[in-house]
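> Take this structure, written in structure tokens, and hold onto it; I'll ask about it next.
The values are calculated or read from the model by the stated rules, or taken from the named source; none is laboratory data. If you're wondering where the values come from, they're calculated on a predicted model, not measured in any experiment. Don't worry about glycine lacking a Cβ; one is built from the backbone with ideal geometry, like all the others, and counts go over all protein chains shown. Keep in mind that these areas ignore ligands, DNA and RNA; they rest on the heavy atoms of the full protein, side chains included. Shrake-Rupley method; radii C 1.70, N 1.55, O 1.52, S 1.80 Å.
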Amino acid sequence: MQLRQTKKSRSSDKIWLTFDDGSFMPFKIDDFVIHKIKIGTEVDYNFLCQLSLKFLLNNYALRQIAISPKINQILIPKLKNQARYYQKKYSFPDINSSQIIDETINYLENNNWLNQDNYAKFLIKKHSKKSRRYLEQLFNFYHLDKTLLINNDKNNLKNLLLKKINKLSKPLDFKTKNKLIQSLVQKGFAYFDIKSTIDEVANIR
């Protein structure tokens, strides 16, 4: 395969490579210099495809982390899907994407960009209105440090109940109160906390 030309990209770290069969790919400009690639010469097309995919996946991973904190369990499935997307989009040959994904993960871990405590704090903020039990289940699933959890169940319950009870007739009848209790138990709140908070909110509304 012969490299026919290169084109500049809007990104300062990227160029486009075009080959004599009409195919093209995005490429890291640093790799172009490091590997001393020259226009008009025969090139190892498969090797260039591997470098291109690695460049694309690294950039994708960094964009994902910029959006919100990530850990391995979240990012690896995304990288696998994205690798398939890039391979199809640029008609790459059969590439061992698993190895490239492992290298990408190692690169991120070495730079402390996959931080479990940061992800734990992100989950706490994202699900701030959820019950502690709900968050504990998430933390168990992702093997996160549960000492970071703060029990805000009483405050969350009070806010939820104020919204619900203000729309209901006063006083609350037995059937309505039971429905409220059941719906909140399903959200992971403790029965005792629910009952005491219902009585408290019902008295102050």
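> Please report the net charge: other residues with Cβ closer than 11 Å to the Cβ of F32, K and R +1, D and E -1.
+1
> Now a separate question. Could you check the simple spin-label distance between K88 and R133, using points 7 Å along Cα→Cβ, in nm with one decimal?
Here the answer is 4.1 nm between the modelled labels.
> Oh, and also: For an R0 of 22 angstrom, estimate the FRET efficiency from the Cβ-Cβ distance between D102 and F47 and round to the nearest 0.05.
0.75
> Among the listed pairs K70/K154; K7/K78; K28/K70; K164/K187, give every one whose C-alpha distance is greater than 20 Å.
K70/K154; K7/K78; K28/K70
> So what's the back-of-envelope 222 nm ellipticity for the chain, counting only DSSP H runs of four-plus at -39500 (n - 2.57) apiece and dividing by all residues, rounded to 500?
Rounded to the nearest 500, the figure is -19000 deg cm²/dmol.
> Helix by helix through the chain, keep the DSSP H runs that span 27 Å or more along the axis on Cα and average at least -1.0 on Kyte-Doolittle, and give those back in order.
Passing helices, by number: 45-67.
> Could you compute the FRET efficiency for L149 and D30, with r as their C-beta to C-beta distance and R0 at 25 Å, rounded to 0.05?
Taking R0 as 25 Å, the efficiency between L149 and D30 is 0.05.
> Per residue, how much accessible area does segment 63-154 have with a 1.4 Å probe, in Å²?
Result: 64 Å² per residue.
> What is the spin-label model distance, in nm, from F174 to D21 if the labels are put 7 Å beyond Cα along the C-beta direction?
Simple spin-label model gives 7.9 nm for this pair.
> Given charges of +1 on the Cβ of Lys and Arg and -1 on the Cβ of Asp and Glu, with all other atoms neutral, how large is the dipole of segment 6-98 about its Cα centre, in debye to the nearest 20?
520
> Carbon and sulfur together cover what percent of the accessible area of segment 26-160 at a 1.4 Å probe radius?
49
> Next up: How many times 2.2 N^0.38 Å is the alpha carbon radius of gyration of the chain?
Cα Rg divided by the expected 2.2 N^0.38 Å: 1.60.
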